[in-house]
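The values are calculated or read from the model by the stated rules, or taken from the named source; none is laboratory data. Owing to the predicted nature of the structure, the values given are computational and were not obtained by experimental measurement. So basically every Cβ, Gly included, is an ideal-geometry build from the backbone, and we count neighbours across all protein chains shown. Calculation scope for accessible area: heavy atoms of the full protein, side chains included, ligands and nucleic acids excluded. Shrake-Rupley method; radii C 1.70, N 1.55, O 1.52, S 1.80 Å.
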Amino acid sequence: SQKIEQNSEALNIQEGKTATLTCNYTNYSPAYLQWYRQDPGRGPVFLLLIRENEKEKRKERLKVTFDTTLKQSLFHITASQPADSATYLCALANTGNQFYFGTGTSLTVIP
Amino acid sequence: DSGVTQTPKHLITATGQRVTLRCSPRSGDLSVYWYQQSLDQGLQFLIQYYNGEERAKGNILERFSAQQFPDLHSELNLSSLELGDSALYFCASSSRDRSNYGYTFGSGTRLTVV
């Protein structure tokens, strides 16, 4: 069956450090992979998209890698800040435009 | 404000009842997606409409139905409600240039079935 797995345990890091979140998938051949941020009681907010033929994408302090051989994406937040505390979701789309989401990883950045 | 409007924000209803959730997509977006988010399931894709036509179905129960109207707003109808239907229901829309912008989500409707 198809699965999208993210770090099930919450991640706590010190302010200024780099947070690294993992998204692993099975039985998908995604054309795109996206990362979203979700704050409690709010809708997810789109952060970054990476295509299957891209290895890495950056946006300000964010970096996403995509390894289709390992079936894994890594999401990095450098110089983390308390305001980065949220749940981060990865989402995959196959050839259609419907995205399937992982359950998310809760990140807390400690001042 | 994301540009995707969902109403109502909160809904409390009894088991067996029927409710309608409404979504207005971001201006210019033709696709609307409905998702259900519960604590133990995460975000579950329910259904997609594109310019009034059903495009794809996910894990949507037969008790649930949706439609997209000519003005592109969408409604999700939930009937014969059960306690387990209590969840956050999100609507999202996407632009034609979806590859750069992803989905835009509304702030959700919190449904509580008692």
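Taking label points 7 Å from Cα along the Cα-to-Cβ direction, residue A:62 and residue B:44 give a separation of 2.7 nm.
With bins 5 Å wide beginning at 0, the percent of Cα pairs of chain A falling in each bin runs 2, 13, 25, 25, 19, 10, 4, 1, 0. In this rough spin-label picture, where each label sits 7 Å from Cα along the Cβ direction, the residue B:63-residue A:51 distance is 4.3 nm. Within chain B, the proportion of Cα pairs with more than 21 Å between them is 30 percent. Which value, in Å to one decimal place, does the Kirkwood hydrodynamic radius take for the stretch A:27-67 when every pair of different Cα atoms is included? That comes to 11.3 Å for the stretch A:27-67.
The orientation-averaged projection of the convex hull spanning the C-alpha atoms of the protein assembly as shown amounts to 12.3 square nanometres. Per residue of peptide B:39-47, the mean number of Cβ atoms on other chains within 10 Å of the residue Cβ is 4.
Modelling each spin label as a point 7 Å along the Cα-to-Cβ direction, I'd like the residue A:83/residue B:51 distance in nm, to one decimal. With each label placed 7 Å out from Cα toward Cβ, I get 4.0 nm.
Leaving out ligands, DNA and RNA, what percent of the accessible area of the stretch B:1-65 is carbon and sulfur, probe 1.4 Å? Write out the running numbers ahead of the final one.
On the way: 1610 of 3680 Å².
Carbon and sulfur together cover 44 percent of it.
Accessible surface comparison of B:11, B:39, probe 1.4 Å, protein chains only, largest first: the order is B:39, B:11. Accessible surface computed residue by residue for the protein assembly as shown, with neighbouring protein chains in place and a 1.4 Å probe, gives 50 Å² per residue.
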